[in-house]
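Novice: Please see the structure below; I have some questions.
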Amino acid sequence: MTHPPASVKCLNLALQGGGSHGAFTWGVLDALLEDGGFQFPGISGTSAGALNAVAVAQGFAQGALEFPQDQASRHGASCAHARAALRKLWEGVGAMGAFTWGVPVANNPLMGMMSQFLSPYQTNPLDINPLRKLLQRTVDFETLTQAWGRDGMPKLFVCATNVRTGKGEIFTDARLSADAIMASACLPQLYKAVEIDGERYWDGGFSGNPALYPLIYRTECTDMLLVQINPVEHPDLPDTANDIMERINEVTFNAGLLSELRAIDFVRRMLAEGRLDAARYKNVLMHRIDGGSALSRFGASSKSRVDMAFLLKLFELGRKQGEQWVHDHRSDVGVRQTLQIVDNP
């Protein structure tokens with residue numbers, strides 16, 4: 001049941017990438033959208049998080065164009081369209097896993113072994129990636145272009161890593177395209193770098209998974225919900241070559257995020273002590289749904305598993321955590337932070 005606009009709370013979304021584990025985030029988003037009690041001024045996403053983010057934006061673009069004047073109808077329609085776009089996206093991912101020719105290279109054991117010795121310029125010279133066609137079937141980028149800046153339309157921030165500079169780059173508004181989304185999800189061991197305006201890009205997880213700063217500087221909303229699907233902590237010491245590499249990837253893909261969280265915590269403490277000007281610095285209220293710990297039991301290798309039964313299992317897990325978060329923390333939004341960022345400041 002959709003809440004009336006007067007009760008809708010402002011909540012920015014920060015969506016982490018993590019391969020097929022992004023289906024967990026699909027479940028979280030489905031719960032938030034079905035509830036209808038939140039608006040999303042900004043959404044930052046990387047890799048699978050970028051795919052989820054652009055699917056949500058597609059739904060809100062449709063709602064913004066259908067009901068430009070009617071706020072209540074627009075919000076309800078946008079949430080419904082966004083849920084449908086997310087389901088279309090992930091059902092398409094599951095369908096790709098049902099056909100040998102459509103399985104992403106990461107899910108092919110032989111190609112996985114070859115990628116240790118050969119580059120994608122050798123193993124995949126035609127740069128075949130079925131995910132691009134699925135994205136283009138799911139998201140109408142012309143509709144997005146028409147809707148940017150309209151009432152109720154979230155700002156979208158997609159992070160990719162510039163291969164030449166090593167820095168993260170944010171694609172938004174007019175620069176957002178299918179190429180930008182594919183760049184954000186481009187694992188260099190598996191696919192050729194994506195070229196945009198003469199620059200080449202790899203997965204955004206190397207530089208911001210996801211990037212939080214655009215939500216701070218380019219939206220007015222103070223609350224931010226991080227949907228995290230890469231575990232920060234790991235209880236066991238990896239002792240095989242594969243486990244060591246998987247843990248290195250987890251640490252690498254969380255490093256930028258942890259740095260930004262520490263910076264947010266530092267600013268919050270300086271504001272609380274009156275050592276910073278509250279008129280110049282935003283007091284960000286961080287919230288988190290920790291899918292990383294929930295998903296760790298499946299193992300990092302399951303990030304390349306794309307059969308529909310597995311994706312639906314992750315979806316249901318995400319929905320339950322999303323519903324629980326709404327139940328526990330709806331009243332905290334706009335009032336207090338619920339994520340303890342630094343244990344020992």
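Novice: Stretched out fully, how many nm does the piece from GLN69 to ALA309 gain, at 0.36 nm a residue minus the Cα gap?
Specialist: Length gained between GLN69 and ALA309: 82.3 nm.
Novice: For segment 1-91, state which chymotrypsin sites (Phe, Trp or Tyr not before Pro) are in a DSSP loop and have at most 10 other beta carbons lying within 10 Å of their beta carbon.
Specialist: Answer by residue number: there is no such site.
Novice: Give the Rg (one decimal place) followed by the Dmax (whole number) of the chain, computed from C-alpha coordinates and expressed in Å.
Specialist: 19.4, 60
Novice: Next up: Per Stokes-Einstein, at 4 °C and 1.567 mPa s, what whole-number D in µm² s⁻¹ belongs to segment 247-290, with the Kirkwood radius over Cα pairs as the hydrodynamic radius?
Specialist: 108
Novice: Additional query: Which of GLY63, GLY274, GLY37 moves most in a GNM of the chain, Cα contacts under 10 Å?
Specialist: Comparing GLY63, GLY274, GLY37 in the GNM, the peak value goes to GLY274.
Novice: Quick check: at a probe of 1.4 Å, how many percent of the accessible area of segment 119-222 sits on carbon and sulfur atoms?
Specialist: Exposed carbon and sulfur together represent 49 percent of the surface.
Novice: Sorted by mean Cβ packing within 10 Å, highest first, what order do the peptides 177-190, 287-300 take?
Specialist: 177-190, 287-300
Novice: Give me the percent of the accessible area of segment 285-330 that comes from carbon and sulfur atoms, probe 1.4 Å, all protein chains in place.
Specialist: Percent of accessible area from carbon and sulfur atoms in segment 285-330: 50.
Novice: Just list whichever of LYS88/LYS282; LYS133/LYS155; LYS167/LYS313 have alpha carbons separated by over 28 Å in the model shown.
Specialist: LYS88/LYS282; LYS167/LYS313
Novice: Remind me, relative contact order of segment 124-251 in percent, using alpha carbon pairs under 8 angstrom and six or more residues apart?
Specialist: 20 percent.
Novice: Loop-only GluC sites (Glu not before Pro) in segment 273-345, please: DSSP not H, G, I, E or B, and at most 12 other Cβ atoms within 10 Å.
Specialist: GLU273
Novice: Just from its helices, what would the mean residue ellipticity at 222 nm be for the chain, if runs of 4 or more DSSP H residues each count -39500 (n - 2.57) and the sum is divided by every residue, rounded to the nearest 500 deg cm²/dmol?
Specialist: -14500 deg cm²/dmol
Novice: When ligands, DNA and RNA are left out and all protein chains stay put, how many square angstrom of accessible area per residue does the chain have with a 1.4 Å probe?
Specialist: 47
Novice: Then there is this: In what sequence, highest mean first, do 331-339, 159-167 appear when ranked by Cβ atoms within 10 angstrom?
Specialist: Ranking the peptides 331-339, 159-167 by packing returns 159-167, 331-339.
Novice: Next question, about the same structure. Taking only C-alpha pairs under 8 Å that are 6+ residues apart, what is the relative contact order of the chain in percent?
Specialist: Averaging sequence separation for qualifying contacts and normalising by length gives 26 percent for the chain.
The values are calculated or read from the model by the stated rules, or taken from the named source; none is laboratory data. Source: prediction; values computed, not measured. Here the Cβ is made from the backbone with ideal geometry for all residues, glycine too, and neighbour counts use every protein chain on show. Heavy atoms of the whole protein, side chains included, go into the accessibility calculation; ligands, DNA and RNA do not. Shrake-Rupley method; radii C 1.70, N 1.55, O 1.52, S 1.80 Å.
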